[in-house]
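Below is one structure, written out as C-alpha cells; the observations come after it.
What follows draws every value from the coordinates through simple rules; no lab data is involved. None of these values were measured; they are calculated from a predicted model. As a convention, Cβ positions derive from the backbone with ideal geometry for all residues, glycine included, and neighbour counts pool all protein chains shown.
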Amino acid sequence: MIELSRRYLALLPTLLTLSVALAAAGNQVVRGQALTIRVRVTDENGNPLRGVRVHFLDETDGVEVGVDSTDSTGYASVVWDTSLATPGAHSILIWTEEADFVESAQTRVSVVVLSPAELRLSVSAPAAVRPRRGFRVEVTVTNAGQAAALDVAVSLNESTKGAGDLPAGASTTLEFTAVAPDRPGEYSLSLLASGTEWGTGRRLSTSLEVSYRVELEGVALEIRAPPSVREGESFNFSLDLSNLGERPLPLSIQVNLTGARPGRIEDSLTLDPRSSVTRAYSATAVEADQVRISALAQGGDLRAWDEVVIQVLPADSHHPPPAEGGATTAPPQPPTGPPPTGHSPRAPARRGAALAVNVTTDVRARESAQSPVREISAAGSTLALVVLTVLRGLWRVEDP
C-alpha cells in the first residue's frame with residue numbers, strides 16, 4: 001500500500017513557483033532603455049527546475065517580449081527593448097508551458113516606461129538695448145520629459161549657472177547679465193543647457209540663439225552766429241541741436257560767452273528720436289576785440305561741444321559784408337569742462353566703442369575766414385587804385 005501511494009504521488013503534476021526580478025529601480029525604465037527581466041522557476045519544495053520554457057508578453061502593447069528556457073539553476077531571462085514601448089505603466093505577463101508532470105504557471109509584473117528627459121529653454125530679454133549697457137536676461141530651463149534630468153546647468157556665452165535636478169515637468173529660472181557691444185546693429189546671445197538623464201546616464205543638451213539689437217545713439221551741436229558785431233551792439237546767435245539716437249534725449253545746455261553779456265546761459269530741453277531743433281539766444285558785445293561763444297550739450301554720458309569767435313568792431317565803424325559761413329572758427333581753446341576724449345572741439349560727440357563708431361553724422365566745417373578788418377582794408381586799397389587809374393586817363397584826354 002505504501003509503495004502504491006508513492007507511485008501515485010509521483011504521477012501528480014509538479015506545482016511551479018515563479019519568482020521575477022527586474023533590473024530596474026522602482027520598476028521604472030526610460031523609453032529606449034534595455035530592461036532585463038529574469039524569472040526563477042522552482043517546485044513546491046523550492047527546488048529549481050531545468051528546461052522549463054518561459055514566455056514573456058507585454059500585455060499593454062500586445063507585444064511578445066521573448067521566450068527562454070530555464071537553466072540548471074532554474075533561471076530564464078529576456079532583454080526587453082523599450083524603444084517602441086508606449087510611455088506609461090505596462091503589465092508584463094510571464095507564463096510557463098505545460099509539460100509532462102509539470103503544470104503551467106503564470107505571474108505578472110508591472111513596469112513603468114518613462115518618456116526620455118528633454119531639456120527646453122525659453123528666454124526673456126529686451127529686443128533693443130543701448131550701446132555698452134548691461135541688460136538682464138532671464139533664462140527658464142524645463143524638463144519636458146518623464147525621466148528626471150540630473151545636474152542641469154545653463155550657460156550664457158562665458159557664464160554658467162547650475163539649475164540642480166529637474167524631475168518630470170519641473171522648471172527653474174536663472175538670471176544673467178549681458179553687456180551690449182559698442183556698435184549699433186543686430187547681435188545674438190548663445191544659450192546652452194546640459195544635464196544627465198536619470199536611469200540611463202545619457203548626456204542631455206539643448207541650445208538656443210536669442211537675437212537683440214543695439215540702438216543708434218548720439219547728439220550733435222553747431223553754433224550759428226554773425227561774423228562780426230560792433231562794440232555795445234546786441235546780436236543774436238543760435239544752437240542747432242540734433243538727437244541722432246532712437247530714444248528721446250533730455251539735454252542740458254550750457255553756453256559760456258567771453259567779451260559779451262550775459263557771460264553764461266543755461267537751458268534744457270528734450271529731443272525726440274532722430275529730430276533736430278534750433279534754440280535762439282541774444283547777447284551784447286562789450287569792450288573787447290572779440291566775442292568767444294562756447295556751448296556744451298549733455299544728455300547722460302552723451303556730450304557735444306562747439307565754439308565760435310565773433311570779431312568786435314569799433315562802435316563808429318560800419319559792418320563789412322558778411323563772410324560766407326557766418327562767424328569765424330575760433331583757434332583751438334579748451335572748453336568749459338573737457339570735451340569728449342578723442343574729438344576735435346567742433347565735432348559732435350559720438351557714442352559707441354569709439355564715439356565716432358556708434359554715430360556717424362556730417363557737420364559742416366566752418367572755413368577759417370580772415371579778419372573783417374583786413375577785408376575792409378583790402379577792399380579800400382583796391383578801390384583807391386581804380387579811382388587813380390580813371391583820373392590819370394582823364395588827365396591825358398584834356399592835355400593838348
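Observations
- Karplus-derived 3J(HN,Hα), 6.51/-1.76/1.60, for each residue of region 107-112, Hz, glycine and proline x: 7, 10, 9, 9, 10, 9
- Between the amide H of residue 245 and those of 218, 274, distances stay under 5 Å, these residues lying 5 or more places away or on another chain, with hydrogens modeled in the peptide plane.
- What separates the Cα centres of region 39-60 and region 187-212 is a distance of 46 Å.
- Packing-based order for 285-293, 65-73, using average beta carbon neighbours within 10 Å, highest first: 285-293, 65-73
- Other-chain or far-sequence residues with amide H under 5 Å of residue 16's (modelled H): 103
- Ordering of 163-171, 81-89 by packing [mean C-beta count within 10 Å, highest first]: 163-171, 81-89
- In order along region 116-131, phi translates into HN-Hα couplings of x, 4, 9, 8, 10, 10, 9, 9, 10, 8, x, 7, 9, 9, 7, x Hz, rounded to whole numbers, per the Karplus curve 6.51 cos²θ - 1.76 cosθ + 1.60 with θ = phi - 60° and x for Gly and Pro.
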